[in-house]
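J.: Next up is a structure, given as structure tokens.
The values are calculated or read from the model by the stated rules, or taken from the named source; none is laboratory data. As the structure is a prediction and not an experimental result, all values here were calculated from the model. Using ideal geometry, Cβ is built from the backbone for each residue, glycine included, and neighbour counts are taken over all protein chains shown.
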Amino acid sequence: MSQQKLLSSSLSKKIVRYPEESGAFQKITLGDAFNAGMAEIIFNGRELDVAAYVGTQSSNIEDLKFLSSKGGRAGVILMYQAFRNTKKNQGNYEIISQAIANGHVIADAKERERMREVFPQAKALSMQEQRPMILSSNADTGEFILGIVSDMREEYREYERLYNGADETDINFVWTIRKVSEFYPDTTAETLFNDIRNLVNDGVTQREIIRSVLKCGENKQHPTRSYTIHGKSLFNWLIENFDNGELSAMLENDEGR
């Protein structure tokens, strides 16, 4: 909204040359050029591999001239965020409640009514978890959704913990292709699986395979030294990702006997 006010006030007389499809130029105001450029990104940005993120504190979407048409609003992802901090006694959810009731934001009356029914539950959960509520048109079904914004700081700390290595008492250790390449730089995950499959066919026990091939539970200098946390989880991860069902069946039969 601040940008639009600037363009329509102090910069209202600024004239620029704006290119047409024919290659010719027309003289228009800077504000009109800005809105035309933004509209081009909105309607054709995906084809041009270009994206724009527009943030505003205005609850009136019509303040954004390039989104003033119904078609313009339908071509973008709209996101509204609201939060009530109970500790600081600050904030409210009016921005979302107003958007839900606004036919310029949610055109379909039934969709607005559906959002109104969900809103109290989402608000209560937002207050309880002390996390922001979000209203977004970015749903796979094409409908609007109400959700609670997750704590990305916690997720990032979890990512860092897994990336830098997990303690052997950590039961949440997760294997990935990158993790395997870090711990086994001289081989690949598929090669490890093939070695395991050959030893299973030879009748070698799972424990011995984990100790010999994966070297877990044996060498304390090895990053995957834990038999329970690292070895067994990697053994199962390799089977889940590379087995066609044959090896799983063999292992199930061995356990049954």
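J.: Among the listed residues 184, 227, 163, identify the single one that is outside the structural domain of residue 112 (by TED's automatic domain parsing), modelled with pLDDT of 80 or more and farther than 30 Å from residue 127 by Cα.
T.: Answer to the check: 184.
J.: Can you tell me which of (1) surrounded by 12 or more Cβ atoms within 10 Å (Cβ to Cβ); (2) modelled with pLDDT of 90 or more; (3) of a type in the set (Lys, Arg) is the one residue 110 doesn't meet?
T.: All conditions pass for residue 110, except number (1).
J.: Looking at the stretch 109-141, which of its residues are of a type in the set (A, V, I, L, M) and touching a Leu at 6+ places or on another chain (Cβ under 8 Å)?
T.: Scanning the stretch 109-141 gives 115, 118, 122, 133, 134, 135.
J.: Just one of the numbered conditions (1) closer than 23 Å to residue 119 by Cα; (2) over 23 Å from the mean Cα position of the chain (by Cα); (3) crowded, with 17+ Cβ neighbours inside 10 Å; (4) among the β-branched types (Val, Ile, Thr) is not true of residue 76; which one?
T.: For residue 76, the exception is condition (2).
J.: Does the stretch 112-132 include one or more residues that are without any contact (Cβ under 8 Å) to a residue 24 or more places away in the chain, more than 23 Å from the chain's Cα centre (by Cα) and not in a helix (DSSP H, G or I)?
T.: No, because not a single residue in the stretch 112-132 is without any contact (Cβ under 8 Å) to a residue 24 or more places away in the chain, more than 23 Å from the chain's Cα centre (by Cα) and not in a helix (DSSP H, G or I).
J.: I've got another one for you. Scan the stretch 21-29 and give yes if some residue there is surrounded by fewer than 16 Cβ atoms within 10 Å (Cβ to Cβ), assigned to a loop (DSSP other than H, G, I, E, B) and within 22 Å of the chain's Cα centre (by Cα), otherwise no.
T.: No, the stretch 21-29 contains no residue that is surrounded by fewer than 16 Cβ atoms within 10 Å (Cβ to Cβ), assigned to a loop (DSSP other than H, G, I, E, B) and within 22 Å of the chain's Cα centre (by Cα).
J.: Can you spot a residue in the stretch 137-159 that is surrounded by 12 or more Cβ atoms within 10 Å (Cβ to Cβ), within 23 Å of the chain's Cα centre (by Cα), at pLDDT 80 or above and closer than 15 Å to residue 237 by Cβ?
T.: Checked the stretch 137-159: no residue is surrounded by 12 or more Cβ atoms within 10 Å (Cβ to Cβ), within 23 Å of the chain's Cα centre (by Cα), at pLDDT 80 or above and closer than 15 Å to residue 237 by Cβ.
J.: Of a type in the set (Gly, Ala, Ser) and in contact with a Leu (Cβ under 7 Å, 6 or more places away or on another chain): does that describe residue 99?
T.: For residue 99, the condition - of a type in the set (Gly, Ala, Ser) and in contact with a Leu (Cβ under 7 Å, 6 or more places away or on another chain) - is met.
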